[in-house]
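The values are calculated or read from the model by the stated rules, or taken from the named source; none is laboratory data. Note that the structure is a prediction, hence the values are computed from the model and not measured. Here the Cβ positions follow ideal geometry from the backbone for every residue, glycine too, while neighbour counts run over all protein chains shown.
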Ligand SMILES: NC(=O)c1ccc[n+]([C@@H]2O[C@H](COP(=O)([O-])OP(=O)(O)OC[C@H]3O[C@@H](n4cnc5c(N)ncnc54)[C@H](OP(=O)(O)O)[C@@H]3O)[C@@H](O)[C@H]2O)c1
């Protein structure tokens with residue numbers, strides 16, 4: 001039987017609808033949740049992401065501000081913008097679109113964002129809270145979105161063998177922390193793989209839940225997946241496709257067609273994890289705004 005498709009697009013839409021009344025309630029109490037996105041430079045992909053975040057805010061009735069600095073902006077100039085936003089009462093969430101240019105120290109920028117406004121969850125204090133299972137920490141949007149997809153699709157993570165491929169700070173590592181937490185969407189037995197893992201297929205074949213965040217098109221093939229597994233594909237890769245107007249199409253890290261034949265459920269690319277990421281950013285911003293309601 002072909003795998004059930006877990007539609008991130010549909011779940012994200014459902015979650016954004018759930019946010020609206022909460023935003024209205026906050027507004028009635030004088031707090032309009034506000035997200036500021038800071039971009040340094042003119043990277044086209046980053047520009048697209050930043051625009052999407054601003055539009056998503058406005059679509060649910062939130063306030064959004066975008067600050068674009070030239071690629072040559074100094075670290076001090078960027079830190080001054082963050083300082084201004086840290087002290088702006090209309091802004092509850094701040095994120096700096098990564099990567100920043102090489103002459104700027106990323107860690108210094110992440111540390112400068114006020115912890116209560118760090119809706120990306122990359123400040124070391126929030127990283128530590130999430131790693132130690134403290135629910136007060138902001139959960140990074142992509143793994144938080146994956147966790148919500150699992151919960152809302154009725155996938156029981158309790159006691160499941162969850163295998164994560166990829167150990168980045170934005171996906172793999174926080175994903176492991178969330179699946180290890182006690183309670184709903186957690187309590188899994190977690191294994192994290194990376195480029196040095198020996199016999200990747202032998203490890204992934206043990207997975208009841210397989211989460212792939214590598215950045216290599218179609219790396220996970222049918223023979224690497226246990227029949228009946230739930231497969232979450234975080235990867236987004238461009239592959240040449242002359243039949244498309246843009247000359248390329250987007251694919252995940254999982255060979256979708258063949259893996260769909262063995263998996264119980266799978267996320268598509270596009271329309272899977274991507275839409276969830278922005279939705280969870282909105283969630284975190286609303287959570288941040290709630291702190292300011294007396
Ligand atoms: N949909 C979304 O919202 C969203 C959000 C974030 C990222 N993404 C996508 O997810 C993918 C991963 O992103 P990322 O930022 O986590 O990437 P990253 O920082 O480049 O990390 C990639 C990870 O994959 C591991 N890896 C690379 N080749 C491997 C191999 N052959 N076998 C096993 N592991 C391998 C690397 O191992 P080492 O650590 O040993 O190098 C690393 O841990 C990208 O396609 C990205 O575009 C999507």
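Any chance region 148-162 includes a residue that's near the ligand (Cβ under 10 Å from one of its atoms), closer than 23 Å to residue 231 by Cβ and in the same structural domain as residue 195 (by TED's automatic domain parsing)? Taking every residue of region 148-162 in turn, none turns out to be near the ligand (Cβ under 10 Å from one of its atoms), closer than 23 Å to residue 231 by Cβ and in the same structural domain as residue 195 (by TED's automatic domain parsing).
Among residues of region 67-78 that are assigned by TED's automatic domain parsing to the domain that holds residue 100, those with a beta-carbon under 6 Å from a residue that is in a helix (DSSP H, G or I) and surrounded by 15 or more Cβ atoms within 10 Å (Cβ to Cβ) at least six positions away or on a different chain give the pairs 67/81. When the criteria are applied in full, residue 218 fails the requirement of being within 22 Å of the chain's Cα centre (by Cα), closer than 21 Å to residue 147 by Cβ and at pLDDT 95 or above. Only one of the numbered conditions (1) surrounded by fewer than 22 Cβ atoms within 10 Å (Cβ to Cβ); (2) more than 16 Å from the ligand (Cβ to nearest atom); (3) part of a loop (DSSP other than H, G, I, E, B) is not met by residue 99, and that is (2). Entry remark, region 205-248: residues being surrounded by 15 or more Cβ atoms within 10 Å (Cβ to Cβ) and part of a strand (DSSP E or B) number 10 in total. Being part of a loop (DSSP other than H, G, I, E, B) and out of contact with any strand residue (DSSP E or B) (no Cβ under 8 Å at 6 or more places or on another chain) is the filter; apply it to region 150-167 and report the residue that is nearest to residue 130 (Cα to Cα). This residue is 158.
Report yes if residue 199 is at pLDDT 95 or above and away from the ligand (no atom under 12 Å from the Cβ), otherwise no. The answer is no for residue 199. For region 111-118, the criterion of being under 19 Å from residue 283 (Cβ atoms), part of a helix (DSSP H, G or I) and either free of Cβ contacts under 8 Å to residues at least 24 places away in the same chain or out of contact with any strand residue (DSSP E or B) (no Cβ under 6 Å at 6 or more places or on another chain) (or both) is satisfied by at least one residue. Taking the numbered list (1) farther than 30 Å from residue 18 by Cβ; (2) assigned to a loop (DSSP other than H, G, I, E, B); (3) touching a helix residue (DSSP H, G or I) at 6+ places or on another chain (Cβ under 9 Å) in turn, residue 79 passes all entries but (2). Looking at this structure, is residue 170 within 14 Å of the ligand (Cβ to nearest atom), under 20 Å from residue 211 (Cα atoms) and in a loop (DSSP other than H, G, I, E, B)? Yes.
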